[in-house]
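Read the structure below first, then the notes.
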Amino acid sequence: MWEQERGGDGADGAEDRREGSRRGRRESGGRGGRRTEGREGRGDREGREGRQELPPQSPEEQARAICLRLLTGMPRTRRQLADALAKRDIPEEVSEQVLSRFEEVGLIDDAAFAGAWVESRHRGRGLARRALAQELRTKGVAPTLVQEALEQLDSDQEEETARELVERKLRATRGLERDKRIRRLAGMLARKGYPEGMALRVVRRALEAEGEDAEDAGDLTI
């Protein structure tokens, strides 16, 4: 009876030892885990070595990368891109070659840029032709392209936009003296590029429609 109990204890002990051994292999990752770690280590080394072996970019490659990155955010003129390349010390001959290629494939189009700029800034900010022309010149757009872009705005459309701008600001000037109202409203239009004569005419008519006596507005200057 005693021997049977001892034999049972021995079997249980052997089973416990086998279970402990299996558990230990699982916790340590086993031989398979060590092999996986080795493969990952070799992959990391190979990746680092591959990156280190990449040759440096040529000036042409750098120029193309810079232009593509800038054009991804928003359209740019040729002058804007040329200035950006110059700031990054790209040689001028390389810059000219890359920019000319971009123009050939349509990635640079100053005429389209100017047309879209005029439409967007007139509609969104209410800018008149004079202010729009100044903005396009500062971006390096050629005078002929500026003129072509501005042709989409005629005097009637410009004056209509001026009336809308005044109507939006008219209420904010109520309570001021007449001359101050006129100067404030006409000055707002002048800052957006509207000619003085048009600005005063639009303001006078807006005040008359409101019931304000603005007959002498034409004598004022802004």
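Values computed for the structure shown
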{"quantity": "With all protein chains modelled, accessible area of D83 [1.4 Å, Å²]", "calculated": "80"}
{"quantity": "Exposure of E196 as accessible area (Å², to 10), given a probe of 1.4 Å and all protein chains", "calculated": "80"}
{"quantity": "Label point distance in nm, K169-E151, each placed 7 Å from Cα along Cα→Cβ", "calculated": "3.1"}
{"quantity": "Unit charges on C-beta of K, R, D, E only; dipole of region 55-171, Debye", "calculated": "680"}
{"quantity": "Accessible surface, per residue, of region 81-222 when the full set of protein chains is kept, probe 1.4 Å, Å²", "calculated": "58"}
{"quantity": "Region 106-198, accessible surface, carbon-and-sulfur percent (1.4 angstrom probe)", "calculated": "46"}
{"quantity": "Most to least accessible of K139, K169 (protein chains only, probe 1.4 Å)", "calculated": "K169, K139"}
{"quantity": "Computed accessible area, R76, all protein chains, 1.4 angstrom probe, square angstrom", "calculated": "70"}
{"quantity": "Karplus (6.51, -1.76, 1.60) ³J(HN,Hα), θ = phi - 60°, over region 66-71, in Hz, Gly and Pro reported as x", "calculated": "5, 4, 5, 5, 5, 6"}
{"quantity": "Cross-link partners of K192 among lysines (Cα-Cα below 25 Å; sequence separation of 8 or more within a chain)", "calculated": "K139, K169, K180"}
{"quantity": "Stretch gain in nm, segment M74-A116, where the contour uses 0.36 nm per residue and the Cα spacing is subtracted", "calculated": "13.9 nm"}
{"quantity": "Largest-first ordering by accessible area, 1.4 Å probe, given options R181, R78, R174", "calculated": "R174, R78, R181"}
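The values are calculated or read from the model by the stated rules, or taken from the named source; none is laboratory data. Quick caveat: nothing in here was measured; it's all calculated off a predicted structure. Here the Cβ is made from the backbone with ideal geometry for all residues, glycine too, and neighbour counts use every protein chain on show. Surface accessibility is based on the protein's heavy atoms, side chains included, excluding ligands, DNA and RNA. Shrake-Rupley method; radii C 1.70, N 1.55, O 1.52, S 1.80 Å.
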